[in-house]
Amino acid sequence: MDRLTAEHRSWNMSRIKCRDTGPERQVRSLLHRLGFRFTLTCRDLPGRPDIVLPRHRAAIFVHGCFWHRHEHCRNSVLPKTRPEFWLSKLNGNVERDARNAVALKRLGWKVIVVWECEVENEPKLLRRLLSKLTDSRNV
């Protein structure tokens, strides 16, 4: 059973940001330090990527491990309260992410997913981003 009242839980959930999250800002900072230039507002692309590098035709999604069900991640735990609701909601997010990735690839874009937990290891993330963004075969 939830320890919070429905009103307090609703208030907590309303405070969860979908833009300019900490991991998103860290990825942007890393890309900027590497010399990449990007845009944040590209509403015409499927899935509305968090970061778009038009010159490289790359769309970067910075996913929260919980909300997007990062497999084998300690942050991707199904809540014990109302598990059927959460499973349906979170699996819907995963399916939508897959559809958006396919649509972007059909349009000729590279799709890069950065997980919230990956931001903790900046050197490894840096190597992965560089390899994805500089490899022209990686479409």
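The values are calculated or read from the model by the stated rules, or taken from the named source; none is laboratory data. Since the model is a prediction, treat every value here as computed from it, not as a measurement. Neighbour counts run over all protein chains shown; Cβ positions are idealised from the backbone, glycine included. The area values use the complete protein model at the heavy-atom level, side chains included, leaving out ligands, DNA and RNA. Shrake-Rupley method; radii C 1.70, N 1.55, O 1.52, S 1.80 Å.
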Whole-Hz ³J(HN,Hα) for each residue in the range 71-81, computed from phi via Karplus 6.51 cos²θ - 1.76 cosθ + 1.60 with θ = phi - 60°, x for glycine and proline: what do you get?
4, 6, 10, 5, 8, 9, 10, 6, x, 7, 8
Once the other residues with Cβ under 11 Å from the Cβ of ARG57 are scored (Lys, Arg +1; Asp, Glu -1), what is the net sum?
+3
Would you mind calculating the gained length between LYS105 and THR81 on full extension (0.36 nm times residue separation, minus the Cα-Cα distance), in nm to one decimal?
5.0 nm
Could you please state, rounded to a whole Å, how far the C-alpha centre of the range 87-139 is from the C-alpha centre of the range 18-46?
13 Å
Distance in nm between pseudo-label sites at ARG74 and ARG19 (7 Å out along the Cβ direction from Cα):
3.3 nm
Summing Lys, Arg as +1 and Asp, Glu as -1, what charge do residues with Cβ under 12 Å from the Cβ of VAL111 carry, VAL111 excluded?
+4
Listed by chain and number, the lysines with an alpha carbon less than 20 angstrom from that of LYS89, same-chain partners under 8 positions apart left out, are LYS17, LYS80
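Compute the FRET efficiency between ARG37 and ASP135 as 1/(1 + (r/R0)^6), taking r as their Cβ-Cβ distance and R0 = 30 Å, and round to the nearest 0.05.
That gives a FRET efficiency of 0.95.
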Whole number please: convex hull volume per residue, Cα atoms of the chain, in Å³.
124 Å³
Using a 1.4 angstrom probe on the protein heavy atoms only, could you order GLU95, GLU118, GLU24 from most to least accessible area?
GLU95, GLU118, GLU24
